[in-house]
Amino acid sequence: MKFLSDRALDRLRDSAEVPDLEGTPYRLLERVARGGMGVVYTAEDEKLQRRVALKILDVPGKESDLAKRLLREARVLARLEHPGIVPVHDVGTLADGRVFYAMKFVEGQRLDQYIASVDSVPDRLRLFLRICEAVGFAHARGVLHRDLKPANIMVGPFGEVLVMDWGLAKILSKDISRPARNTDPDATVFEEPKQVPAEQDTTETSAVTGHGTVMGTPGYMSPEQARGDVGKIDARSDIFSLGALLRFLLTGKPEETSAPDGTRVERSLAAICAKATAAGPARRYPNVQELALDVSRYLDGLAVGAHRESLIEKTMRFYRRYRFFILLIAAYLVMRVLILLFIHR
Amino acid sequence: MTQGDEQHGGDRFPPTRRSVIEAVRSIDAEERERALEALCAAYWKPVYKYIRLRWNRPADAAQDLTQGFFMELLERELLDKFDSKKSRLRTYLRLCVDSFVMNEDKAGRRLKRGGNVLHVALDFSSAEEELGAAVMDPAAIPSPESLEEFFEKEWVRSLFALAVEELRELCAAKERERTFLLFEAYDLDGNEKISYEQLAQEYGIPLTDVTNALAWARREFRRIALQRLREICGSEEEFQRETRAAFGWDAK
């Protein structure tokens, strides 16, 4: 039997990782990234002549937990048709037994890389609102993301925001394909999320994740997720992650209260972050709509629900909001006084 | 998924064979023996090398202990106690080796083999050569703390070597000897400088023939290696875990 050197072992490992796309319409282009479940490649869809991204599991077999999770992720994505959620095109098993799905190839940057090019706070907040739209839409369809973090948000070349990696998603309702009430594509964004009691949560998601399994990313994961308290995870767990994301957009870190240059985050924004990331779910925003509404109110120069303003703060906000008119009136009054003084001289 | 499976040829994936862990507990003596042989084929070299290095035994004593260990595995039905939910098979086997060698030391006995005979040819001279090659390179000598890592690496080497051997036999059976030679030259000899073009020139064949042959050989290698892995794992979960470990996907 041939002795295999360490280098030969490495080569065999590398070549074994390359997926066998025989029998599929895809031609492998390049390896993009490795995740916990498998590898993402770019490929050319030779039938439709377009570039796609293929998420392929490492280990063959359709019955493994990972295969079930990948398949569920593909199904979740297929049912969440929203401009902020990456669409899935195809799902199947490769000739070598590995489960895969094909999705839109998103050219762009991860949020944590992109954010360096966005200086103004209002622009960052508008970006955040687009994330909220996608997450709110998913909640309206009974799907929780459960792993919202900058690395899972992509920003495309035209500023489009896409929420990626739904591998840890939890399906609250079996019938997520049913459109939400009053189906207006924009209105659905802020529908009330479907809530089901924990004991009824017997969907395949629960079977995959199981009770007591900690899934998520530290810093962005809600306390109930960190405890592995699966029964208590609901839309408010994603709201916690959104709050941490908002804080990241404002300070560069999910748990910081000041920006890297030392400037403190404005009180009303800090209050929004604090409310969204409250330890107890009951103290958080009840749904994404409320959170997004508070951020929108801040952008419009209105009082936010998360923060009770002092008289000085109210005055300052009033001044900032109507600065142009206040200055105009002040200029008019000064002119009048000057004219009166001139006439009576 | 069904549609996708048919479309993408998922039916080509081989059906799961019965695991050796199940087979070794079988009431059928023949099935038990076959299972032990499969296990022995995958593990004897790592066990031998481990005994040589961890227990610092001379070659003849290590050979005796290796054979004795696999006989003990069968006679004392040690695999019945293995629980794939609690540990990996190779960790369990390594601990069994440690305890076996210690017991043999305590008893101070010479191993006497008889009755049950292993039907796997244990080529100790090749194992010794491999070990010699490793010991020649001081960087390759494992420290006492890294012996577990060493055992794992040797297990992967043994598994891949078996898969390569089976691939060679498959190529011979399918009259694709040249395919194996190409695979050997490009993937096994570890020559960084060789290119597809050079291979095509050397064998006087078009470049596409080289790439197609290599793609086929790699696919078959992967299939065989996974099949062998599946055989020596006690559960689907363990198979998933062991595959990731063997192919180094956890470390990437």
Long-range amide H partners of A:Val32 with built H, under 5 Å | A:Val40, A:Tyr41, A:Thr42
Past 31 Å, Cα to Cα, is the threshold; run A:Lys2/A:Lys68; A:Lys232/B:Lys86; A:Lys47/A:Lys149; B:Lys45/B:Lys85 against it and keep the listed order.
-> A:Lys2/A:Lys68; A:Lys47/A:Lys149
Projecting the Cα atoms of B:Trp216, B:Gly248, B:Leu167 onto the charge dipole of the range B:149-252, where Lys and Arg contribute +1 and Asp and Glu -1 at Cβ, the residue farthest towards the positive end is B:Trp216
Given H placed 1.01 Å from N in the peptide plane, which residues other than close sequence neighbours of A:Val86 have an amide H under 5 Å from its amide H?
-> A:Val163
Angle between chain A longest axis and helix A:6-17 axis [Cα atoms, degrees, rounded to 10] | 70
Sequence neighbours fewer than 8 away in the same chain don't count; with that in mind, list the aspartates and glutamates whose C-alpha is under 17 Å from A:Lys314.
-> A:Glu266, A:Asp294, A:Asp300
For the Cα atoms of chain A, what angle does the longest principal axis make with the long axis of helix A:235-251, in degrees from 0 to 90, nearest 10?
-> 70
Going by a ≥ b ≥ c, the root eigenvalues of the Cα gyration tensor, does chain A fall in the rounded group (a/c under 1.5), the prolate group (a/b larger than b/c) or the oblate group?
-> prolate
Sorted by chain and then number, the residues having a modelled amide H within less than 5 Å of the amide H of A:Val91, at least 5 places away or on another chain, are A:Ala102
Work from the charge dipole of chain A (Cβ charges, +1 for Lys and Arg, -1 for Asp and Glu, about the Cα centre) and give the residue of A:Ala226, A:Val32, A:Leu291 farthest towards its positive end.
-> A:Leu291
Dividing the mean separation of Cα pairs under 8 Å (6+ apart) by the residue count of chain A yields a relative contact order in percent of 11
Choice from A:Ala33, A:Ala226, A:Ala331 showing the highest fluctuation, given a GNM over chain A with Cα pairs closer than 10 Å | A:Ala331
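Return the loop-located GluC sites (Glu not before Pro) in the range B:191-230 (DSSP other than H, G, I, E, B) with at most 11 other Cβ atoms within 10 Å of their own Cβ; answer none if there are none. Could you put the intermediate results ahead of the total?
Working: sites: B:Glu192, B:Glu197, B:Glu202, B:Glu220; in loops: B:Glu192.
Taking the range B:191-230 and a limit of 11 other Cβ atoms within 10 Å, the loop GluC sites (Glu not before Pro) found are B:Glu192.
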Report the charge-dipole magnitude of chain A in Debye, nearest 20, computed about the Cα centre from +1 at each Lys and Arg Cβ and -1 at each Asp and Glu Cβ.
-> 1160
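Every number in this text was worked out from the coordinates using simple rules, so none of it is lab data. Note that this is a predicted model, so its numbers are computed, not measured. In this analysis, Cβ positions are derived from the backbone assuming ideal geometry, glycine residues included, and neighbour counts consider all displayed protein chains.
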